[in-house]
Amino acid sequence: MTPVDFVAIGHVTLDQTPRGTRPGGAAYYTAMTARRLGLRVGLLTSYGPDFPREAIPGDIEVLSVPAKQTTTFRIGQPRVGQGGRSRELAVLARAADLETEALPEAWRDATLGALAPVTGEVDPSLAVAFPETSLVALPQGWMRQRGKGGVLAPQPWEDADLVLPRVQALVVSHEDVEPFEKDALEWFQQVPVGAVTRGADGAVLFVNGERYGVEPDVAVEKDATGAGDVFAAALLVAYNRDGNAWDAAAAAACCAAASVEAEGVAGVPDRAGLEARLAAYRRRLGI
């Protein structure tokens with residue numbers, strides 16, 4: 001394994017959607033976003049022979065823990081309820097756990113990294129395995145329990161106290177955090193930068209625990225899957241480039257908005273595309 005700039009850790013998945021089955025997973029979306037933004041990317045994951053390996057570009061270095069099957073989700077149609085839109089998720093199959101021992105030594109000095117579980121597969125102690133890396137945690141996979149028929153339901157994030165002291169940023173969706181709002185406010189006190197993504201309503205940014213609104217970019221939505229993961233990766237990349245949390249949140253909002261305008265990862269912009277979109281966003285908002 002060779003050194004990389006960005007390490008994504010979590011299962012790549014097969015997502016069964018109303019429009020067909022395609023690759024997914026928070027680690028997949030964060031890895032693809034970092035790649036589009038010009039970084040050398042490593043992906044620590046696990047999948048089976050049913051996963052289309054060609055969906056991961058050859059310049060992303062992949063280490064996959066062997067598994068008989070790929071983690072597979074059934075994603076229901078969006079439904080409108082209190083707090084906005086939500087979808088029923090069910091886990092139909094699961095690949096192997098990702099333990100600290102699987103992380104290559106060459107990747108432990110990466111500049112940036114994402115802990116991106118989807119179904120509890122990422123060992124929380126991996127947060128300790130990166131002594132100098134700026135990490136973003138996307139804890140949704142630690143905040144879900146598998147019930148009857150594989151349907152996912154909320155559960156408390158039990159290992160937050162282990163992970164949070166080791167990460168620079170925390171990004172959660174409003175759907176995942178809604179049952180745990182009091183806990184979430186405490187989480188955001190423990191990290192330099194955090195965000196609650198709210199889809200078409202933008203995001204809430206936390207800087208050293210202080211709360212700020214993030215305006216959404218204008219987008220014609222075609223597929224919102226993975227937008228929060230794209231937001232998280234773009235936030236981490238931009239924040240570590242310029243050190244300005246507010247500018248980083250604006251870049252993340254624009255990157256996520258671009259991603260929803262096409263299926264899967266096809267809409268994730270490259271750096272030039274993001275800069276152009278960000279300039280238009282700033283003009284529109286007068287900032």
Between segment 19-36 and segment 85-156, the alpha-carbon center distance in angstrom: 14
Count the DSSP beta bridges whose two residues both fall in the chain, then state the antiparallel fraction as a percent rounded to the nearest 5. 45
Taking the Cβ of Ser173 as the centre, find all other residues whose Cβ is under 10 Å away and add up their charges (Lys, Arg: +1; Asp, Glu: -1). -3
Ranking of His174, His11 by count of other Cβ atoms within 10 Å, fewest first: His174, His11
Label point distance in nm, Lys182-Gln145, each placed 7 Å from Cα along Cα→Cβ: 1.8
Can you sort Ile56, Ile75, Ile287, Ile9 from fewest to most other Cβ atoms within 10 Å of each residue's own Cβ? Ile287, Ile75, Ile56, Ile9
To make sure I understand the rule: partners must be aspartates and glutamates, Cα under 14 Å from the Cα of Lys148, and not fewer than 8 residues away in the same chain. Which ones qualify? Glu88
In what order do Phe130, Phe231 fall by count of nearby beta-carbon atoms within 10 Å, going from fewest to most? Phe130, Phe231
Taking amide H atoms as placed 1.01 Å from N in the peptide plane, list the residues 5 or more away in sequence, or in a different chain, whose amide H sits under 5 Å from that of Leu92. Thr72, Phe73, Arg74
Cα gyration tensor shape for the chain, rounded if a/c is under 1.5, else prolate or oblate: rounded
Using R₀ = 30 Å, calculate the FRET efficiency as 1/(1 + (r/R₀)^6) where r is the Cβ-Cβ separation of Ala200 and Arg53; round to 0.05. 0.35
Just to be sure I understand the model, the point goes 7 Å from the Cα along the line to the Cβ. What's the resulting Glu261 to Glu132 distance in nm? 3.8
With each run of n ≥ 4 DSSP H residues scored as -39500 (n - 2.57), what mean residue ellipticity at 222 nm is computed for the chain after dividing by its residue count and rounding to the nearest 500 deg cm²/dmol? -7500 deg cm²/dmol
Using 0.36 nm times the number of residues separating Ile287 and Lys222, minus their current alpha carbon distance, what extension gain do you get? 20.6 nm
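Since every read-out is calculated from the coordinates, none of them should be taken as a lab result. In this text, all values refer to a predicted model and were calculated from it rather than measured experimentally. Backbone-built Cβ (ideal geometry, glycine too); neighbour counts: all protein chains shown.
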